[in-house]
1. Given points 7 Å out from each Cα along the Cα-Cβ axis, report the T151 to R91 separation in nanometres with one decimal.
2. How much area per residue is accessible in region 8-89 when the probe is 1.4 Å and only protein heavy atoms are counted (Å²)?
3. Arrange the peptides 143-153, 21-31 so that the one whose residues have, on average, the most other Cβ atoms within 10 Å appears first.
4. What is the spin-label model distance, in nm, from A18 to Y166 if the labels are put 7 Å beyond Cα along the C-beta direction?
5. In region 19-143, what percent of the accessible surface is made up of carbon and sulfur (1.4 Å probe, ligands and nucleic acids excluded)?
6. Which of rounded, prolate, oblate describes region 88-145, given a ≥ b ≥ c as roots of the alpha-carbon gyration tensor eigenvalues and a/c under 1.5 marking rounded, otherwise prolate only if a/b is larger than b/c?
7. Given a Förster distance of 41 Å, report the FRET efficiency between Y193 and E124 from their Cβ-Cβ distance, rounded to the nearest 0.05.
8. Under a no-solvent Debye model with one identical scatterer per Cα of region 14-126, what's log10 I(q)/I(0) at q = 0.11, 0.17, 0.19, 0.21 Å⁻¹?
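The values are calculated or read from the model by the stated rules, or taken from the named source; none is laboratory data. Quick caveat, the model's predicted, so the values are computed rather than measured. As a convention, Cβ positions derive from the backbone with ideal geometry for all residues, glycine included, and neighbour counts pool all protein chains shown. The protein model used for the area step is the full one, side chains on, heavy atoms only, and it has no ligands, DNA or RNA in it. Shrake-Rupley method; radii C 1.70, N 1.55, O 1.52, S 1.80 Å.
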Amino acid sequence: MESFLFFVKENPMECLTAILVFLTAIYAFLTYRMVKLSEESIRESKLQTEALTRPYITIQPLLKKHTPVIYLSIKNTGLVGAKNLRLELDRDFYQFNEATKPNKNLRTLKAFTLPIQQFSPNSELVFPLAQSFLILGDEASSSCPAEFSVTATYEYANKTVTEISYIDIEAYSGGEVDRDPLVNEVEKIRKIYEKKA
């Protein structure tokens, strides 16, 4: 310890220089860490901003009240438009099981064969598929499948996205759509009227 104190006393400039070099190294390391953290924060912020301001093409089965028909809904649920939207089914799907009519094949309709130049936010395409008993019941056939996939390819902000939506109508088997109470009351009145007639 005495030799260290002697060295410091005899060489104060060298000691101060060594301390300055050490402090500079610590400062450089902390600055480097701050820059890295700042870069990560900016990258995360960009990803979050993009996630909030991009198109989202949502493809799903749609059940409506008062009808046994199941629909296919394709909607842009994002905040910006999707450009050059291309939709593609992985197999033939004949609406209402009408396999003898080529114009009833969803796969050959314009929306699934030609690009949609601009699919704006909240835009929605709705295609009737068939009554639930034609897809899920005893009359089900391969021309009206309960499972298929739709591929959506679109562009936004100089990026191209391809997403595959798997449609499984079997999941709705045994389910029920809420009925409107007014319709229930009208149905009761109709039955009473039929009994009196």
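1. 1.6
2. Numbers: 5800 Å² over 82 residues.
Per residue, region 8-89 has an accessible area of 71 Å².
3. Ranked by mean Cβ neighbours within 10 Å, highest first: 143-153, 21-31.
4. The modelled label-to-label distance comes out at 6.6 nm.
5. Values: 4690 of 8050 Å².
Summing carbon and sulfur atoms, their accessible area is 58 percent of the total for region 19-143.
6. Working: a/c = 2.91, a/b = 1.83, b/c = 1.59.
Judged from the Cα gyration tensor, region 88-145 comes out prolate (a/c at least 1.5, a/b above b/c).
7. With R0 = 41 Å, the Cβ-Cβ based efficiency is 0.60.
8. -0.59, -0.94, -1.05, -1.15
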